[in-house]
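Asks: Got a structure here, written out as structure tokens. Questions coming.
The numbers here are math on the coordinates, done by the rules we state, and not lab data. Predicted model, so just to flag it, every value in this text is computed and none were measured. Neighbour counts run over all protein chains shown; Cβ positions are idealised from the backbone, glycine included.
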Amino acid sequence: MSSSVTSRSDLGRRGLILILSSPSGAGKTSISRAVLEQENAQGPGSIHLSVSVTTRPRRPSEVEGTHYQFLTSRQFESLRDHDDLLEWAEVHGNFYGTPREPVEAALEAGQDVLFDIDWQGTRQVLEKMRSDVVAVFILPPSAAEQRARLDRRAEDHSDVIRKRLANARGEITHWGEYDYILVNRDLNESVARVRAILNAERCRRDRLSGLSDFIQTLDQELTQESS
């Protein structure tokens, strides 16, 4: 007995949080931007960047609401004290955090969210939402290349660069808290690897919704086809 196979779109799924972390100068921001651009090349909505709030002064190349939401210390403290931040941290003397509500709404809608945060923020997100998180730690190929990248960026004074390099020694000790480690020798190769990780994690059984019903229907169709 023959029957036509029911046409179905892909199974639904809950969105995931893709965290990219690294010491300054490892290339995390460049990788994040390229992943977003390539993932959304066919249309918006595949994955979007979680826009953090920060008390750090805005750099000349940064756009309010696109790279960060720039807040006063009092504004930041109000969000933190009302538990409106999914994570927050103090980095290089400034505060950073991620508003909770838009992230939770995106995941429920099946949308992926990219986090560009440090190890302190990652630890907090893992504690609160471990099953939703895919965490990637990015390393520079060498200390010399890391310093060269910070110099080429030309957005920080030399004393700030020295502080960032000194802090990097402590930051890299947290590599063991991440799911994946990536040494960023070549930008294109690193972007391809991050996208491969993302695509694989999207297919995990525990992220899919409606799977049991799909399997049951498929079993019924196979029974009919084999009759």
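Asks: Using amide H atoms built 1.01 Å from N in the peptide plane, name the residues 5+ places from Gly110, or on other chains, whose amide H lies under 5 Å from its own.
Replies: Gly15
Asks: Using a Förster radius of 30 Å, what is the FRET efficiency between Ala196 and His174 based on their Cβ-Cβ separation? Nearest 0.05, please. Present the calculation step by step, with values, prior to reporting the outcome.
Replies: Values: r = 23 Å, r/R0 = 0.77.
For R0 = 30 Å, the calculated efficiency reads 0.80.
Asks: Now for a separate question. Could you give the dipole magnitude of the chain about its Cα centre, charging the beta-carbon of Lys and Arg +1 and that of Asp and Glu -1, in debye to the nearest 20?
Replies: 820 debye
Asks: Evaluate the distance, in nm, between pseudo-label points positioned 7 Å from the Cα of Asn188 and of Asp83 along their respective Cα→Cβ axes.
Replies: 4.9 nm
Asks: Could you compute the FRET efficiency for Gln216 and Ser158, with r as their C-beta to C-beta distance and R0 at 45 Å, rounded to 0.05? It would help to have the intermediate numbers written out before the result.
Replies: Values: r = 64 Å, r/R0 = 1.43.
Step by step, r from the Cβ atoms, then E = 0.10.
Asks: Largest first, please: the extent of the C-alpha atoms of the chain along each principal axis, to the nearest Å.
Replies: Each principal axis gives a Cα extent; for the chain these are 77, 41, 32 Å.
Asks: Helix-only estimate, please: 222 nm mean residue ellipticity of the chain, summing -39500 (n - 2.57) across DSSP H runs of length 4 or more and dividing by its residues, to the nearest 500. Present the calculation step by step, with values, prior to reporting the outcome.
Replies: Working: 8 runs with 97 residues, N = 227.
The per-residue figure over the chain is -13500 deg cm²/dmol.
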